[in-house]
1. Scan the range 71-82 and report the pairs whose first residue is over 21 Å from Lys6 (Cα atoms) and whose second residue is surrounded by 12 or more Cβ atoms within 10 Å (Cβ to Cβ), with Cβ atoms within less than 6 Å and a gap of 6+ or a chain change.
2. Of the residues Ile156, Ile181, which single one is of a type in the set (A, V, I, L, M, F, W, C), surrounded by 15 or more Cβ atoms within 10 Å (Cβ to Cβ) and farther than 26 Å from Gly311 by Cβ?
3. From Ser97, Ser157, Ser115, grab the single residue that is among the polar types (S, T, N, Q) and assigned to a helix (DSSP H, G or I).
4. Give Lys29, Lys63 a once-over and let me know the one that is surrounded by fewer than 20 Cβ atoms within 10 Å (Cβ to Cβ), part of a helix (DSSP H, G or I) and in contact (Cβ under 8 Å) with a residue 12 or more places away in the chain.
5. State the number of residues belonging to the range 111-143 that are closer than 29 Å to Asp260 by Cα and surrounded by 18 or more Cβ atoms within 10 Å (Cβ to Cβ).
6. For the range 312-325, state whether one or more residues are under 15 Å from Ile257 (Cα atoms), surrounded by fewer than 17 Cβ atoms within 10 Å (Cβ to Cβ) and not β-branched (Val, Ile, Thr).
7. Quickly run through the range 177-230 and pick out the residues that are free of Cβ contacts under 8 Å to residues at least 60 places away in the same chain and in a loop (DSSP other than H, G, I, E, B).
Amino acid sequence: MYQEKKILVIQTAFPGDAILTLPFIQELKKQKPDYSIDVLCIPLTAEIFETSSSINSVIPLDKKGKQKSFFSFMKFVKELKSKKYELVYSPHRSLRSALINLSLSAKESYGFENSALKFVYKNDVKYDPSAHEVRRNLEFLDGDFGGEKWRILPEISVPSESKKKVSDYLSENKINNFITIAPGSVWETKKYPVKYFKEVIEHFKKNKYQIVLIGGAEDKVICELLRKDDEENVHIAAGEFSFIETIELLRSSSLLICNDSAPTHLGMCVDIPVLTIYCSTVPGFGFYPYNNRSSYISYNELNCKPCGIHGFNSCPVGSFYCAELLLPSLVIEKAEKLISNAK
């Protein structure tokens with residue numbers, strides 16, 4: 001009796017990490033076309049994986065809700081084990097991911113060499129901290145991804161209803177020639193100052209661009225500060241769209257300017273110019289925009305930078321020079337160059 005060959009990819013990290021896992025999954029499907037690929041993820045990122053044609057099914061793990069308790073988690077793992085996965089790949093390096101892998105007893109399993117409980121994986125995979133995250137994930141696969149070959153963009157398929165919602169939004173608000181700005185971040189030291197973003201916005205308004213501000217519902221406050229009562233030229237879309245809908249919105253944008261956060265990676269899904277601003281973090285961590293239409297900007301002449309891989313709620317040394325010394329004129333100059341090169 002034929003039994004379907006199955007692969008499980010464990011990626012329970014945040015949206016940006018989810019998007020940067022897609023190129024690996026796309027290549028995995030090419031290398032193993034006769035396998036069915038499932039993805040274990042958090043509910044927040046389920047819609048991202050559901051848009052990939054390389055993925056058979058998406059299995060949400062609600063580790064803060066439905067599967068929070070030990071017993072509910074073990075029940076979940078038991079059901080997962082019944083699917084009899086032959087291969088397991090875990091780009092996520094957490095203890096929970098390792099325990100799930102251990103419970104599945106797959107024929108072969110792959111985890112990074114610096115994963116928690118790395119001994120539970122049958123195959124250690126090199127982790128290069130200096131490489132881009134996409135390049136790191138491709139280490140799970142055989143093949144030549146050297147040089148520029150690793151620069152594989154995430155592929156998503158936007159549902160027709162999402163396309164219509166975005167199209168209607170742009171039409172109703174009479175938005176056409178626009179630049180998108182994502183001013184938010186979970187971490188305060190990743191946020192480019194509001195006063196500087198205002199100068200950037202004013203520059204592009206004078207150059208006949210409309211501005212669309214994006215982000216989650218939690219970013220509406222900062223977006224209101226940036227709009228300055230100019231509802232005709234500055235539009236707040238924060239909290240209005242899902243990740244996939246935001247990606248569709250970006251498709252029509254001339255440029256995305258954002259902090260070192262998830263919107264950078266949303267831009268890669270539609271191959272638009274992205275300018276990522278690095279305040280307390282650095283591109284060297286491996287999460288910069290990597291298509292050939294994009295770039296980043298960072299003030300690096302500081303002994304205290306980077307102060308951490310994620311950032312902090314306030315500057316550890318009390319100066320925030322990493323942002324304050326990165327003047328708006330520098331951001332504008334680089335943004336203008338990206339727009340010019342894209343024409």
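Just so it is clear, none of the values below were taken in a lab; they were calculated from the coordinates. What you are looking at is a predicted structure, and each value in this text was computed from that prediction instead of being measured. Heads up, the Cβs are rebuilt from the backbone with ideal geometry, glycines too, and the neighbour counts pull from every protein chain shown.
1. These pairs meet every condition: Phe73/Gln67.
2. Working: Ile181 fails: farther than 26 Å from Gly311 by Cβ.
Selected residue: Ile156, the only one of Ile156, Ile181 that is of a type in the set (A, V, I, L, M, F, W, C), surrounded by 15 or more Cβ atoms within 10 Å (Cβ to Cβ) and farther than 26 Å from Gly311 by Cβ.
3. Numbers: Ser157 fails: assigned to a helix (DSSP H, G or I); Ser115 fails: assigned to a helix (DSSP H, G or I).
Going through Ser97, Ser157, Ser115 in turn, just one is among the polar types (S, T, N, Q) and assigned to a helix (DSSP H, G or I): Ser97.
4. Going through Lys29, Lys63 in turn, just one is surrounded by fewer than 20 Cβ atoms within 10 Å (Cβ to Cβ), part of a helix (DSSP H, G or I) and in contact (Cβ under 8 Å) with a residue 12 or more places away in the chain: Lys29.
5. 13
6. Looking for residues that are under 15 Å from Ile257 (Cα atoms), surrounded by fewer than 17 Cβ atoms within 10 Å (Cβ to Cβ) and not β-branched (Val, Ile, Thr), one finds none in the range 312-325, hence no.
7. Asn207, Lys208, Tyr209, Ile214, Gly215, Gly216, Lys228, Asp229, Asp230 - these are the residues of the range 177-230 that are free of Cβ contacts under 8 Å to residues at least 60 places away in the same chain and in a loop (DSSP other than H, G, I, E, B).
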